[in-house]
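Nothing in this text is a laboratory measurement; each read-out follows from the coordinates by a stated rule. Bear in mind that the values here come from a model prediction, so they are computed numbers and not experimental data. Counting neighbours? That spans all protein chains shown, and the Cβs are built from the backbone with ideal geometry, glycine included.
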Amino acid sequence: MKVQLHSYFVLLLLALLAGCSSTGDTKTDGAAVEDHSMGADGGTMTSGAAGAGTFAGYSLDDPNSPLARRVIYFDYDSSEILAEDQQLVSDHAAFLAANSGQRVTLEGHTDERGSPEYNIALGDRRAQSVRRAFELQGVLPEQITIVSYGEEKAAAEGHSDAAWRLNRRVEIIYQSY
Amino acid sequence: MWQAIRENPRAVMYAVLMHLILLAILVFSLDWTPKISRPAGQKVPIEATLVDPHQLEAAAEKRRAEERRVEEAKHQVVEEEQRKQAEAEAKQKAEAEAKQKAEAERKRKAEAKQKAEAEVKRKAEAKQKAEAEAKRKAAAKQKAEAEAKRKAETEARRKAEAEAKRKAEAEAKRKAEEARRKQAEAELQARLAAEQAAAEQARASGIVNEYVGYIADKVRRNWLRPPGSPQGLSCEVQVSLIPGGDVSRVRITRSSGDPIFDRSVETAVYKAKPLPLPPDSSLFNYFREIRFVFKPTS
Amino acid sequence: MGLLRMQAVLVLVLSLLTQTVSAALTIEITQGVEGAIPIAVVPFGWKGTGGAAPENIAAIISSDLSRSGRFDPLPDHDLVSHPTEAAEVQYHNWRILNVDNLVIGKISETGAQQYTVQFELFDIIRGTRLIGYSFPAGRNELRRVAHHISDLIYEQLTGEKGAFNTQIVYVMTTKSGGSKVYTLLVADSDGYSPQTILRSAQPLMSPAWSADGKQVAYVTFENKKAEIYTQDIATGTRRKIASFNGINGAPSWSPDGRRLALTLSQDGNPEIYTMDVGTRTLKRLTTNSAIDTEPVWAPDGKSIVFTSDRGGSPQLYQVAAWGGTAKRLTFDGKYNAGADFSPDGRKLAMVHGEQGAYRIAVLDLDTGLLRVLTDGRLDESPSFSPNGNMIIYATDAGNRGVLAAVSVDGRFRQRLSLQAGDVREPVWSPFDR
């Protein structure tokens, strides 16, 4: 289901790209060819094509953007980024790489089981995983701050597998200026 | 059935054998020959030629007489032989006897001679003896007279002494006799007592062992072992009992080195009182003093 | 009372072969009974205004003694008489109840909020009084006096130092409005009389007592990152000790109070360091790409035990306090972390995970044997009492964390009653706090 959602978002992104270039509140680089001609006879529809290496931006507050999703989940006792989250990581990495002045804090968390300080280290390891993935994709080290809270800041209360799954996570916190 | 035969081949074989033997016996016991009675000794009838019966008879008679004569002659010879032999034998016998008689006579004579000589000797010796005897007697008589004299002198002295001695001895003897008698009696008593005691001990040791078990069990049940104490501790306690099992004194004779351990051991003994004792109060002596060794094995 | 019955009685019978019975019979006892000492603690007499004393001293003593696992106090309704002084004690009455010892006492009001507490301890078996004391105490000291009496009774009857008159420090989380409030509290070892020593809107964790009981070190996220502070309990004065890049965590005081062992990840991943508290110089003890954290100092100051997953899963390792090769200590189970040393240095308490449950276990360093003491599913943060007889830990009761204490032999467990809130990470103080 997640894959479908991703595809949906990607499509949406493309659509938005086509549509939003005239609003002027995002930064772009490179030439963008815009063409608003739409034949009244409805025959052909052209849409602009973005130049290479260009992302037209979009609001961080837009709940529909892929960057709205900022939590990466992990398996028990693991700090490996799951396949289904690779795209999300890439999206954020891409954005940050394109916006090198933007800083994020990666918060590492674990579920409540086991020893608290060991869980601090485990949460840290998860955040480091995401950091490495970011840096591989062009994000600068100084853009990233890491904090691990271990089991101290649970997202979901309860002693069930469901709650635990929601707590094993890294949160990407965009720092505002 | 075939299975039975396969399973017991030997038995089958024997059975068959027995049957065969039985059969053989039967067979061979039957008389297979036709019945012809044939008295023993009789000759097979012969083919006879015709002959005159009177002639036959005379010849036969002649022959028979001849046979008789021969027979008789034979007999006579034999008898003659026998008689001769008997005579010879008798002669031999008579000669042997005569010889023997002569021999015996000779022996007897010799013996008689020996006897006579011995007699003479004996007589001579006896005579000598008598003479010596007489001599001795005379000397002895003298001696005896002297002796008697001396004796009479010391006699009086000795008598006095002996009297006293005798008296003392008699006394001592009596005493010794008495003591011996007493001792014998005592020994007898002792032996009896020992036998009795041995029998009692056999009974008592069984009971004592039984109650030792009860006591140990009760003390064990009341011993709260301190959980923190190290391994290998051991403590000895001397306990004095009074009849009824109550404890008059508890004394640590060998400390474990750990005061809490020692104290727990004392407490155990106190808590266990009155200690169970056998109802037979004569066995109390076995339990008067008990030494407990507390030595946990784990 | 637990009972162990094994038929192991050896009987040596001397002297049965002689007619005269002179030498003593010798009986060997090779086994005893394991169990708690039966004791009666009679409600103390009260002389003062009001219907009853402000604190139920006898109940505090009774609770202390039973929590240690070494005593089995008689329930109140079984007490047939209520003496308050020696003259009123009739030994045979108490012998019938099968108690070994008796505690009686009385409280008198001597002034406004001033009292005298007197107690006496008797040996019922021997029919003697063992000890008796009298203490003056203010209203707020009554509970501590009761704990002190428990210590005296405990020492007299077990030979070991009592740890009832001690304290614990722990973290509590409550919700205030829509947000969480984190507090660090110090309370009596039975959970009563809590006092807040720090309050924060961000998480607090890993409190650690100094050996002299005067300071606590802890981790705080008040600056949106993990930092280590030390704080004087009496005055509240704080010092920031470690705020390096990355993790600053799991502080542990050396026995001489001069150094802290801690976890730093400034060099790339969590490693064990020691820091001289005066000069702030660091010494790194582990160089390993795995997680190395949760250092705890051995009582002799010569080594440090820590958690590492260099072997694939979290296990306990030991390294010399000046550095060297780490030696693995735990081999039972796939998760062993969060160690605490017993005061004699011979045992380690830890969080032990097996089959999906996290429990408190104790490793005997001499024999290598591991023993699981609790049966919860989410037990963590074990801490030894200063006499090594009990372990306090955090467990879960439905929807919140609570504290519990278990005797080291695992025989007796008790939940501590505390105020509402989510309570975690308890640490037992040293003696004389």
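Below is a table of values for the structure above.
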| read-out | value |
| --- | --- |
| Per-residue mean of C-beta atoms belonging to partner chains within 10 Å, peptide A:141-153 | 4 |
| Full-extension gain in nm, B:A152 to B:I260, via 0.36 nm per residue minus C-alpha separation | 29.1 nm |
| Cα long-axis angle, helix C:57-67 against chain C (0 to 90 degrees, to the nearest 10) | 70 degrees |
| Inter-chain shielding of C:302-309 (mean C-beta neighbours from other protein chains, 10 Å cut-off) | 2 |
| FRET efficiency, 1/(1 + (r/R0)^6) with R0 41 Å, evaluated for C:Y91 and C:D375 via beta carbons | 0.50 |
| DSSP loop trypsin sites (Lys or Arg not before Pro) with at most 10 other Cβ within 10 Å excluded, longest remaining stretch of chain B | B:44-298 |
| Segment C:312-433 pair-distance distribution - Cα-Cα, 5 Å bins, rounded % | 2, 11, 21, 23, 20, 13, 7, 3, 1, 0 |
| Sorted by Cβ density within 10 Å, fewest first, the residues B:V16, A:V130 | B:V16, A:V130 |
| Kirkwood-based Rg to Rh ratio, chain B, C-alpha trace | 1.56 |
| Per-pair calculated FRET efficiency, R0 = 35 Å: B:A144 and B:E171 via Cβ, rounded to 0.05 | 0.50 |
| Beta bridges per DSSP with both ends in segment C:37-158, % antiparallel, nearest 5 | 70 percent |
| On Cα atoms only, tilt of B:53-221 relative to the major axis of chain B in degrees | 10 degrees |
| Ratio of the Cα radius of gyration of segment C:149-298 to 2.2 N^0.38 Å, where N counts its residues | 1.17 |
| Alpha-carbon centroid distance for the pair segment B:128-147 / segment A:76-111, whole angstrom | 161 Å |
| Rounded FRET efficiency, nearest 0.05, which uses the C-beta distance separating C:S243 from A:N99 and R0 of 25 Å | 0.30 |
| Simple spin-label estimate for B:R180 and A:Q87 in nanometres, 7 Å along Cα-Cβ | 13.3 nm |
| P(r) of segment B:199-298 over all Cα-Cα pairs, binned every 5 Å from zero, in whole percent | 2, 13, 24, 23, 16, 11, 7, 3, 1, 0 |
| Extent along principal axes [Cα atoms of segment C:167-428; Å; largest to smallest] | 48, 43, 33 |
| Relative packing of peptides C:281-293, C:145-157 - highest average C-beta neighbours within 10 Å first | C:145-157, C:281-293 |
| Residues C:W322, C:W253 arranged by fewest to most Cβ contacts within 10 Å | C:W322, C:W253 |
| Computed [θ] at 222 nm, helices only, for chain C once each DSSP H run of length n ≥ 4 contributes -39500 (n - 2.57) | -2500 deg cm²/dmol |
| Amide proton proximity set for C:G45, modelled H, under 5 Å, gap of 5+ | C:G105, C:K106, C:I107 |
| Peptide-level mean, for B:224-233, of C-beta atoms on other protein chains within 10 Å | 5 |
| Cα-based Rg / Dmax (Å) for segment C:113-203 | 18.7, 63 |
| Directionally averaged projected area (convex hull, Cα atoms, the protein assembly as shown), nm² | 127.4 nm² |
| Gain in span if fully extended, C:A59 to C:F431, counting 0.36 nm per residue against the direct Cα distance | 131.7 nm |
| Extent along principal axes [Cα atoms of segment B:172-245; Å; largest to smallest] | 77, 24, 24 |
| Pairwise label distance in nanometres, A:E157 with C:S179, each label 7 Å out on the Cα-Cβ vector | 1.8 nm |
| Folded to 0 to 90 degrees: helix B:9-29 orientation relative to chain B principal axis, Cα | 30 degrees |
